[in-house]
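We did not get these values from a lab; they are worked out from the coordinates using the rules stated. This one's a predicted model, so the numbers in the text were calculated from it and none came from an experiment. Positions of Cβ are generated from backbone atoms using ideal geometry, with glycine treated the same way; all protein chains shown enter the neighbour counts.
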Amino acid sequence: MPKAAKTPRATSPSDAPESAAGTRAAAQRLKMRRELATAAMELFASKGYEATTVDEIAARAGVARRTFFRHFRSKEEAIFPDHDDTLVRAEAVLNAAPPHEHPLDTVCRGIKEVMKMYAGSPAVSVERYRLTREVPTLREREIASVARYERLFTRYLLGHFDERDHHDGNDDPLLAEVAASAVVTAHNHVLRRWLRAGGQGDVETQLDHAFAIVRETFGSGIGAGRPAPSPSSQGTAEPAPAVRASTTGDVVIAVARTDAPLDEVMRTIQQALTRG
């Protein structure tokens, strides 16, 4: 069932300096993590992964060994400096989703934060991809990172449905879990193809195409098994849909709110054309 909207916390003038300080600290932390990651990547490329030590990585970055361990628990963790922050950004996308947006569309927007991380530094991403193919330990670390995103998106989608309400005629909980896996798989397929091409090509367009396939396959099914609540059972009338479309002869008439997502508008028109 749909989740209730969160009430934003009231802010006060005293929040601003604390928030600014937190933002600066986060930026400095990410900067140091990236510098350590760059040093690690350079040494892995020149000396090999096994021959490189944490002390050498720290020295290359111009910091002490203890500084390295404030940011990473091991040298294999050092080549994935952005995953923690990217996970936070992806979760922020989910938390700030407009109430009328289809949850699967929200998840697709959330995982784009992951692609932005890779696309922001193509050369580094391509080299990291090469290393993860050659070093089993790094490959295992990468798989663990991907699993964190999948768990985040699965929790989000399942949060919109009652898992106990899985019965004949209502496969929403099943579709929600499968759809989350499909979104992650589509993202990873496009990412690998882009990395194998040396980080060349319009990866955003490729990703949108992959997500369109996922939405077409799973999006219309999610919610199909749940009857619309009646006004008497809810106390208030059900909100009007963001987009409506109908056919009259050879003409499709669509009515959409100004804040309706373009993807939802196009999908609704396409469904009306199919019915027509």
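Restricting to DSSP loop positions (anything but H, G, I, E, B) with no more than 15 other Cβ atoms inside 10 Å of their own Cβ, which trypsin sites (Lys or Arg not before Pro) remain in the stretch 43-128?
R73
If I take R0 = 35 Å and measure r between the Cβ atoms of I143 and R24 in this structure, what FRET efficiency does the formula 1/(1 + (r/R0)^6) give, to the nearest 0.05?
0.60
So, counting K/R as plus one and D/E as minus one, what does the shell of residues with Cβ under 12 Å around A182 add up to? Display every interim value, and only then the final one.
Values: positive: R215; negative: E150, E177, E216.
Here the count lands on -2.
Provide Rg and Dmax in Å for the stretch 20-63, with only Cα atoms included in the calculation.
So, for the stretch 20-63, Rg and Dmax equal 12.6, 41 Å respectively.
Which links in K31/K112; K31/K75; K47/K116 stretch past 25 Å when you go from one Cα to the other?
K47/K116
What is the gain in length, in nm to one decimal, between R60 and A92 on full extension, counting 0.36 nm per residue of separation less the C-alpha to C-alpha distance? Numbers along the way, then the final one.
Working: separation 32, 0.36 × 32 = 11.52 nm, distance 3.41 nm.
Difference between extended and current length: 8.1 nm.
Mind jotting down the three principal axis lengths of the stretch 57-97 based on Cα atoms? Whole angstrom, largest first.
43, 16, 14
Tell me, what is the FRET efficiency for F69 and E101 to the nearest 0.05, using R0 = 41 angstrom and their Cβ-Cβ distance as r?
After rounding, the FRET efficiency stands at 0.50.
What is the sum of charges, Lys and Arg at +1 and Asp and Glu at -1, for the other residues whose Cβ falls under 14 Å from the Cβ of F68?
Details: positive: R29, R33, R34, R60, R65, R66, R70, R73, K75; negative: E35, D55, E56, E76, E77.
So the surrounding residues net to +4.
Taking N as the number of residues in the stretch 27-108, what is its Cα Rg relative to 2.2 N^0.38 Å? Walk me through the numbers before you get to the answer.
Details: Rg = 16.9 Å, N = 82, 2.2 N^0.38 = 11.7 Å.
So the stretch 27-108 has a normalised radius of gyration of 1.44.
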